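Visitor: To start, I am sharing the structure in question, which I have written as structure tokens.
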Number of protein chains: 2
Amino acid sequence: MVSKNQQKKIIQLKQKKYRSKFGLFVAEGEKVVNDLINSKIECEFLFSIRNISHPKALKVKESEMKKISHFKNHSSILGVFKIPDIKLNNRNKLTIILDGISDPGNLGTIIRLCDWFGLDQLICSTNTVDCYNPKAIQSSMGSIARVSCHYISDLLTYIDLINKPIFKAEINGTSIYKNQLQEYGTYVFGSESHGISEELKSNIKNKIGIPNFKKHNGAESLNVATSVAIFFSEIYRT
Amino acid sequence: MVSKNQQKKIIQLKQKKYRSKFGLFVAEGEKVVNDLINSKIECEFLFSIRNISHPKALKVKESEMKKISHFKNHSSILGVFKIPDIKLNNRNKLTIILDGISDPGNLGTIIRLCDWFGLDQLICSTNTVDCYNPKAIQSSMGSIARVSCHYISDLLTYIDLINKPIFKAEINGTSIYKNQLQEYGTYVFGSESHGISEELKSNIKNKIGIPNFKKHNGAESLNVATSVAIFFSEIYRT
């Protein structure tokens, strides 16, 4: 059974302010919940329609699951997890910075890409959508259990600190196919609608991009997650 | 003003059965609507909060727009367009087949990718989501005006007919980086959850895929739109 208090809290966790207040987030669906259970992230509650063996598991009715789910179509399992306190790792060769990404589906897809290509962290501007947003978690397909997102307010100082070759991804930049993209580097991707913020943009000289193969009257831009995918592929292709 | 009849029809067009019945679809947002107006696709009605000069334009109040929009957050402009009758073009070097893609956001993103890489058509199985689904149109970012989707029930016969080298995209396939991906070819991508249908799969011998760069405990798969992006990049990179 889900208590009234639990129900209230889970619904509140849809909002970032409550996730920050309680230090908790919600994940739904077998794949994501299993990946989180098998990670270092601590499980607070686990609600399941079916019988499962887990010390935190509680069996609930479908009608109860419907009430606590953050989605229109609920899953068979919902977990409440503690937001982990993961230290920034500055030893990685590759750094990906997301600046102002607002679509949680895009963020989740990029987290999944990091996991596929073996990158364990992602640097985000503070106006990038929260990685514990329900839709970001869903589209990460469990990769949120293995990739940490770090929200950094002063990105310019951070960039100076890690001190690696830095590139901004922009339309009309030098073609990414011209020179082999280096793994030892920092790559900055801007928001879907506004691109990279002016402050950051003016401080990064190297502009690179995916050439538009249709010279006239084609798409004006690519979705940010598909751009990141192509960059990853170019960095790691062998 | 929006008449009661128009309002009813526009709301009905959220559903595929009414889009098929009336031969119409709805597009919202300045970018998408402008791209459609500037294409060969015929405009039936145009509703705008602002004054615009177009023979089919009608100025409406924000409260009216709210009522007809297919989205929670309405745009300033909504157009109703005729579903075009575009002939299949079998002369393209490259053919992309989507088999059972159910997420409209993914379909729209793939339409946008086709447009970026200069491909004017996409072949879809009949159980792939409708390209005139509101979310597919939205995520195509106007590319739906330039890329046509053809839904083919007997894909095996179609594949035989176009008679090109054919590849199925699968995890654990031969690395796409091993040999240059040919533009003259057919590439088949399966659904997000079930992969390529058994019938199609058993009839295609060549299995290729994006290698997983994290050998242990990483993401199990990639989002289909990001996979298509990487394939496009490998086909066209120079």
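Visitor: With no solvent and one point on each alpha carbon, what is the Debye value of log10 I(q)/I(0) for the protein assembly as shown at q = 0.09, 0.10 Å⁻¹?
Guide: Each listed q corresponds, in turn, to -0.66, -0.83.
Visitor: Going by a 4.7 Å Cβ-Cβ cut-off, which cysteines of chain B have no partner at all?
Guide: Isolated Cys, chain B: B:43, B:114, B:124.
Visitor: Rg(Cα) of region B:4-82 divided by 2.2 N^0.38 Å?
Guide: 1.00
Visitor: Using helices alone, what [θ] at 222 nm do you get for chain A, with -39,500 (n - 2.57) per DSSP H run of 4 or more residues, divided over all residues and rounded to the nearest 500?
Guide: Values: 9 runs with 78 residues, N = 238.
Estimated from H runs of four or more residues: -9000 deg cm²/dmol.
Visitor: I would also like to ask the following. What's the local net charge at residue A:4, with K and R +1, D and E -1, over the other residues with C-beta under 14 Å away?
Guide: So the surrounding residues net to +2.
Visitor: Residue farthest toward the positive end of the dipole of the protein assembly as shown, with Cβ of Lys/Arg at +1 and Asp/Glu at -1: which of B:208, A:39, A:1?
Guide: A:1
Visitor: Can you give the net charge of the other residues whose Cβ lies under 13 Å from the Cβ of residue B:174, counting K and R as +1 and D and E as -1?
Guide: Around residue B:174, the charge tally is +2.
Visitor: Here's something else I'd like to know. As a test of the definition: with a 1.4 Å probe, what buried accessible area, both sides summed, do you compute for A against B, in Å² to the nearest 100?
Guide: So the buried area, both faces added, is about 3300 Å².
Visitor: Enter the accessible area of residue A:112 (Å², nearest 10), with the probe set to 1.4 Å and all protein chains included.
Guide: 20 Å²
Visitor: Please arrange B:154, A:130, B:115 by accessible surface area, largest first, computed with a 1.4 Å probe and ligands excluded.
Guide: Sorted descending by solvent-accessible area, the residues read B:154, A:130, B:115.
Visitor: Just going by the charge dipole of region B:94-236, with Lys and Arg at +1 and Asp and Glu at -1 on Cβ, which of B:223, B:109, B:190 is farthest out on the positive end?
Guide: B:223
Visitor: While we're here: Using the Cα centre of the protein assembly as shown as the reference point, and only Cβ charges (+1 on K/R, -1 on D/E), how large is the resulting charge dipole? Debye, rounded to the nearest 20.
Guide: Magnitude of the dipole: close to 1080 debye.
Visitor: May I ask you to work out the translational diffusion coefficient for region A:92-238 at 37 °C, viscosity 0.692 mPa s, via Stokes-Einstein with Rh from the Kirkwood sum over Cα pairs, reported in whole µm²/s?
Guide: The calculation lands on 214 µm²/s.
Visitor: Counting DSSP beta bridges in region B:94-236, what percent are antiparallel, to the nearest 5?
Guide: 5 percent
Visitor: Follow-up. Of B:125, B:53, B:20, which is the most mobile in a GNM of chain B whose springs link Cα atoms less than 10 angstrom apart?
Guide: Comparing B:125, B:53, B:20 in the GNM, the peak value goes to B:53.
Visitor: Counting only C-alpha contacts under 8 Å and six or more residues apart, can you give the relative contact order of chain A as a whole percent?
Guide: That works out to 19 percent.
Visitor: To the nearest 20 Debye, how big is the dipole of region A:94-201 about its Cα centre, given +1 on the beta carbon of each Lys and Arg and -1 on that of each Asp and Glu?
Guide: Working: 7 positive and 12 negative charges, 61 e Å.
About 300 debye.
Visitor: Moving on to the next point. Evaluate the distance, in nm, between pseudo-label points positioned 7 Å from the Cα of residue A:127 and of residue B:58 along their respective Cα→Cβ axes.
Guide: 3.8 nm
Visitor: Of all the accessible heavy-atom surface of the protein assembly as shown, with the other protein chains kept in place and a 1.4 Å probe, what percent is carbon and sulfur?
Guide: Roughly 47 percent, rounded to a whole number.
Visitor: Report, as an integer, the average count of C-beta atoms from other chains found within 10 Å of each Cβ along B:225-237. Don't skip to the answer; put the middle values down first.
Guide: Details: counts 5, 14, 4, 2, 12, 8, 1, 6, 12, 4, 1, 4, 10.
Average per residue, whole number: 6.
Visitor: Return the average number of partner chain Cβ atoms within 10 angstrom of each residue Cβ along peptide A:114-121.
Guide: For this peptide, the per-residue mean of nearby foreign Cβ atoms is 5.
Visitor: Using a/c under 1.5 as the rounded threshold, could you call region B:92-162 rounded, prolate or oblate? The axes a ≥ b ≥ c are square roots of the C-alpha gyration tensor eigenvalues, and prolate needs a/b larger than b/c, oblate otherwise.
Guide: It comes out oblate by the Cα gyration axes.
Visitor: Something else about it: Compute the angle between helix A:104-117 and the longest alpha-carbon principal axis of chain A, please, reported from 0 to 90 degrees and rounded to the nearest 10.
Guide: That works out to roughly 70 degrees.
Visitor: Distance in nm between label sites at residue A:71 and residue B:153, each 7 Å beyond Cα in the beta-carbon direction?
Guide: 3.1 nm
Visitor: Still on this structure, please answer the following. Under the definition of partner shielding as Cβ atoms of other protein chains within 10 Å of a residue Cβ, what is the mean value for peptide A:204-210? Present the calculation step by step, with values, prior to reporting the outcome.
Guide: On the way: counts 0, 0, 0, 0, 0, 0, 7.
Mean partner-chain Cβ count within 10 Å for A:204-210: 1.
Visitor: In nm, to one decimal, how far is the modelled label at residue B:51 from the one at residue A:197, with both set 7 Å along Cα→Cβ?
Guide: Roughly 3.9 nm, to one decimal.
Visitor: Of A:168/B:93; A:17/B:14; A:21/A:87; B:82/B:168; B:9/B:135, which pairs sit farther than 22 Å apart, going by alpha carbon to alpha carbon?
Guide: A:168/B:93; A:17/B:14; B:82/B:168, as the Cα separations exceed 22 Å there.
Visitor: So what's the angle, to the nearest 10 degrees on a 0 to 90 scale, between helix A:224-236 and the longest Cα principal axis of chain A?
Guide: That works out to roughly 70 degrees.
Visitor: Another question, if that's okay. Which chain B residue comes nearest the axis with its C-beta when you rotate B onto A, and by how many angstrom?
Guide: B:229, 2
The values are calculated or read from the model by the stated rules, or taken from the named source; none is laboratory data. Quick caveat, the model's predicted, so the values are computed rather than measured. All Cβ positions, even for glycine, are placed from backbone atoms using ideal geometry, and neighbour counts span all protein chains on display. For accessibility, only protein heavy atoms count, side chains too; no ligands or nucleic acids. Shrake-Rupley method; radii C 1.70, N 1.55, O 1.52, S 1.80 Å.
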